[in-house]
1. Given the criteria within 16 Å of ligand 1 (Cβ to nearest atom), surrounded by 23 or more Cβ atoms within 10 Å (Cβ to Cβ) and under 18 Å from the mean Cα position of the chain (by Cα), does residue 72 qualify?
2. Quick one: what pairs do we get from segment 191-218, first residue closer than 26 Å to residue 88 by Cβ and within 15 Å of ligand 3 (Cβ to nearest atom), second in a helix (DSSP H, G or I) and modelled with pLDDT under 95, C-beta under 7 Å, 6+ apart or different chains?
3. Consider residue 169 against the criteria (1) outside the structural domain of residue 39 (by TED's automatic domain parsing); (2) at pLDDT 95 or above; (3) outside any loop (DSSP other than H, G, I, E, B): it satisfies all of them except one. Which criterion is unmet?
4. Got at least one residue in segment 117-126 being more than 12 Å from residue 79 (Cβ to Cβ) and at pLDDT below 95?
5. Which of the numbered conditions does residue 110 fail, given that it passes all the others? Conditions: (1) within 16 Å of ligand 2 (Cβ to nearest atom); (2) surrounded by fewer than 16 Cβ atoms within 10 Å (Cβ to Cβ).
6. So which residues in segment 47-76 are more than 22 Å from residue 15 (Cα to Cα) and modelled with pLDDT of 95 or more?
7. Looking at the structure I just gave you, is residue 141 within 16 Å of ligand 2 (Cβ to nearest atom) and within 25 Å of residue 82 (Cβ to Cβ)?
8. If you scan segment 141-189, which residues turn out to be more than 30 Å from residue 113 (Cα to Cα) and within 16 Å of ligand 4 (Cβ to nearest atom)?
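The values are calculated or read from the model by the stated rules, or taken from the named source; none is laboratory data. Every value quoted in this text rests on a predicted model; they were computed, and no experiment measured them. Virtual Cβ from ideal backbone geometry, glycine too; neighbours counted across all protein chains shown.
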Ligand SMILES: [Zn+2]
Ligand SMILES: [Zn+2]
Ligand SMILES: [Zn+2]
Ligand SMILES: [Zn+2]
């Protein structure tokens, strides 16, 4: 399935300086980005540092679709719930499915419906993660989207304002219409395995009909269930499904973590950039991951 996707790992964009790097080069860049350092220095000045400044640098990617990837800075005091919420917000949420983390042989399940041996999401990452740990996230136990998360490093002096801060994110992979080769904008959920990626013109003539079509989004959940990139369609579009259980820990009710999912409309702008001269060096750095 999706042969055309498998070939290329798209580059990604640094959230701070807007520069574009390959997936592996981004790991180095994030630790040396001057814009990030400047913004952190400003924040350090403006707030009295508290004791809870430890954070983890985490690389998240589609377990079977590594072309979708993100670098995150996650507070050690953040909970699995915070991380799950961020992942849903930016990449996953369609209709409020259950989700799970698997960390070192332990299974953690969202919501109240747990079986014996399973734990909930109300646990701090500090109690679970150390550098070099790889762990897993599943969203929706029917048509599952699987993510791999790697703890690249930890730091003691984080200035991030949010439980989870986006550091960098892949550019939208270029996916072409299976019929005519133009950039695909829609995907048929029935035909996603074969011939289901469609440009807007070919989508109009697609035999499965409009109801089967979903927009192409920059997410490993593209084309799955009812995923449109706009959060849970049964609630408002403001991505506001979170329970009011933040306890003011992060002193900030605003659940806008950064550019959460906002750039799904930018597919074409991103594709244009991507087309230019950077295709050859895409692979160079990618082995080490
Ligand atoms: Zn940067
Ligand atoms: Zn769904
Ligand atoms: Zn087409
Ligand atoms: Zn179809």
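1. Values: within 16 Å of ligand 1 (Cβ to nearest atom): yes; surrounded by 23 or more Cβ atoms within 10 Å (Cβ to Cβ): yes; under 18 Å from the mean Cα position of the chain (by Cα): yes.
In short, yes.
2. 216/267
3. Checking residue 169 against (1) outside the structural domain of residue 39 (by TED's automatic domain parsing); (2) at pLDDT 95 or above; (3) outside any loop (DSSP other than H, G, I, E, B), the one that fails is (1).
4. Yes, segment 117-126 has at least one match.
5. (2)
6. Result: 63, 64.
7. On the way: within 16 Å of ligand 2 (Cβ to nearest atom): yes; within 25 Å of residue 82 (Cβ to Cβ): yes.
When the stated conditions are applied, residue 141 passes them.
8. 175, 177, 178, 179, 180, 184, 185, 186, 187, 188
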